[in-house]
1. Could you check segment 403-417 and list, in sequence order, the residues that are surrounded by fewer than 19 Cβ atoms within 10 Å (Cβ to Cβ) and within 15 Å of V153 (Cβ to Cβ)?
2. State which residue is least open to solvent (accessible area, probe 1.4 Å) when the search covers only segment 240-261 and only residues that are more than 15 Å from T78 (Cα to Cα) and not in a helix (DSSP H, G or I).
3. Determine the pairs where a residue that is surrounded by fewer than 17 Cβ atoms within 10 Å (Cβ to Cβ), located within segment 462-487, has a partner that is at pLDDT 95 or above and part of a strand (DSSP E or B) with Cβ atoms under 8 Å apart, the partner being 6 or more residues away or on another chain.
4. Of all residues in segment 309-334, count the ones that are open to solvent by less than 20 Å² (accessible area, probe 1.4 Å) and away from the ligand (no atom under 14 Å from the Cβ).
5. Failed condition for V387, given (1) in contact with a helix residue (DSSP H, G or I) (Cβ under 9 Å, 6 or more places away or on another chain); (2) more than 12 Å from the ligand (Cβ to nearest atom); (3) not in a loop (DSSP other than H, G, I, E, B), with all others met?
6. I'd like to verify a number: residues in segment 181-205 that are away from the ligand (no atom under 14 Å from the Cβ), open to solvent by less than 60 Å² (accessible area, probe 1.4 Å) and outside any loop (DSSP other than H, G, I, E, B), how many?
7. May I ask you to say which residue of A327, A394 is touching a residue at least 12 places away in the same chain (Cβ under 8 Å) and of a type in the set (G, A, S)?
8. Among (1) closer than 28 Å to P432 by Cα; (2) crowded, with 17+ Cβ neighbours inside 10 Å; (3) touching a Lys or Arg at 6+ places or on another chain (Cβ under 8 Å); (4) of a type outside the set (S, T, Y), which single condition is V122 missing?
Amino acid sequence: MPDDEMSPLRTRSEAARSLDALIIGAGFAGLYQLFCLRDRLGLSVKVLEAGGGVGGTWYWNRYPGARCDSESHVYWYTFAPELMREWEWSERYPGQPEIMRYLNFVADKFDLKRDIEFDTRVVSAHYHEAANRWQVQTETGETYVTKFLITAVGCLSTANVPKIPGLKDFKGDWYHTGQWPHDGVDFIGKRVGMIGTGSTGIQAAPVIAASAAHLTVFQRTANYSVPARNAPLAPEFRQYIKEHADEIRAVTHETLNGMAFRIEQRLAVETAPEERETIYEAAWERGGLQFRAAFQDMLTDKNANDTAAEFIKRKIRSIVKDSATAAILSDIDHPYAAKRPPIDTNYFETYNRPNVALVDLRKAPIERVSRTAICTTEAEYPVDIIVFATGFDAMTGPLLRIDIRGRSGVALKDVWVAGPRNYLGLQVAGFPNLFTITGPGSPSVLCNMPVAIEQHADWITDCIRHLNDGGLDRIEARPEAMDKWVAEVNEVASKTVFPMAKHSWYLGANIPGKPRVFMPYAGGMVRYRQICAEVAENGYEGFALS
Ligand code: NA7
């Protein structure tokens, strides 16, 4: 729609609704961005949040076993030293309820909630060129007008519920893990069917199996998983975190993925088989995502990756007692970590329980849901509850479900029809003053999230400060800079094993009809941070400022 055809800029109450900056989403990203813009720059800022409280991803993902895969001592904000002194995590990996307590603690400490409108879903955001303002509309028809618009909508917040014929007639209950009821689900005495074996299904299965009468797991693609080795944090380690918080933060700024562990320099392909086995055994015992740190070449050399993949497949076969089940679970078709690698607590062990069964959907796909059962092309599995652990329309989904229109009414969904295109993962040409925190084209999901978020929010804050100090009103990515960045994102991904996973959400391949483009920037957080800093130092190279 051309600009002049859009409804005129209007606000319900000019004073309350006209803003310097509007942020969509009150998760880790939105909360910190609000603090930066309101308390550091003194701007008028509001956050609009669809949920009834802060938390973002963690507000919605309340499924049994929901827990972060980053270790707790790196899964927090580092912008305020007192936060790191005052907060204590209780376990090696923070569980969903504890993360919610943490984010509420932060929001209350900095009095952030007074500038957040909860239960407010944004449906559209249109740029008006003459006024250089974004007009943002909510589901309930409220309108906000803002100079800067910042999306903090998360990467994994648009639930993917597969369109399975018959689901609407199912007479039991069904749930998607990313839209879990706040008062929980009672599995006692129930037959549960769970579809999906990504990180979520792998976390949920052992917990569901512990209370359900029976659990049937429907697996389409077999997946790797490494034990998380979760445990309460020892008092000495808690003390260590307090005393070394700055050093830990410094390490997270020096590593590719924003974690506090360093990837070993040695190469798997140059290590003798017995020594390699010993190294993998130690990594398996240590547990968690740092399994990936055992060898430098694990994600860049398929031969190296094969050694890790074979090790984990052998582990699966040694844990799972029923050989047919073990064969289905270990028949994995992609390199290790080419899809986001899950970590677990007793996932493979769960298949040794008498009340758990596995169905191989590659052999016989789901055809429909009847009133009482999940039906594959081969058999019917009676269930009382269906759990969809089927993931998300990742990265682009949360942005494209908002009707975002830039100059001349051009829709973001049209600009991204063949996949996301932007500059630095931060801005799209034709969409001035719109910033996308941890959007596609940035390290985001390949990085420990709070580290990626703080870098983006700081960069955006510095950028807006620069504009304000210079009496400038507008920043917009140049089309040629965007083209170059898209090429760079593709180029770095092509040097890794990531594109080798057929069904990966990194590629958008889990959503029928979604263009297949490797979405995150795989060049590592250190390099990305440096590029962003250099762009700013060079007068925001690649952006037009006016
Ligand atoms: P994922 O990792 O996308 O996993 C979704 C799972 O659901 C995966 O096993 C899929 O199989 C399966 N799936 C999806 N659609 C279907 C249909 N139609 N039929 C059968 N099976 C299906 O999502 P998660 O929630 O587990 O994890 C998301 C991220 O959250 C995770 O990576 C961490 O970053 C945290 P497929 O592999 O596509 O064959």
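The values are calculated or read from the model by the stated rules, or taken from the named source; none is laboratory data. These numbers were taken from a predicted model, which means no experiment stands behind them. All Cβ positions, glycine included, derive from the backbone under ideal geometry; neighbour counts span all protein chains shown. Side chains included, ligands, DNA and RNA excluded: accessible areas come from the protein's heavy atoms. Shrake-Rupley method; radii C 1.70, N 1.55, O 1.52, S 1.80 Å.
1. D403, K413
2. That would be T255.
3. G470/L545; L472/L545; D473/K147; R474/A544; R474/L545; R478/Y423; R478/F543; R478/A544
4. 7
5. Result: V387 fails condition (2) only.
6. Result for segment 181-205: 1.
7. Step by step, each of A327, A394 is checked, and only A394 is touching a residue at least 12 places away in the same chain (Cβ under 8 Å) and of a type in the set (G, A, S).
8. Every condition holds for V122 apart from (3).
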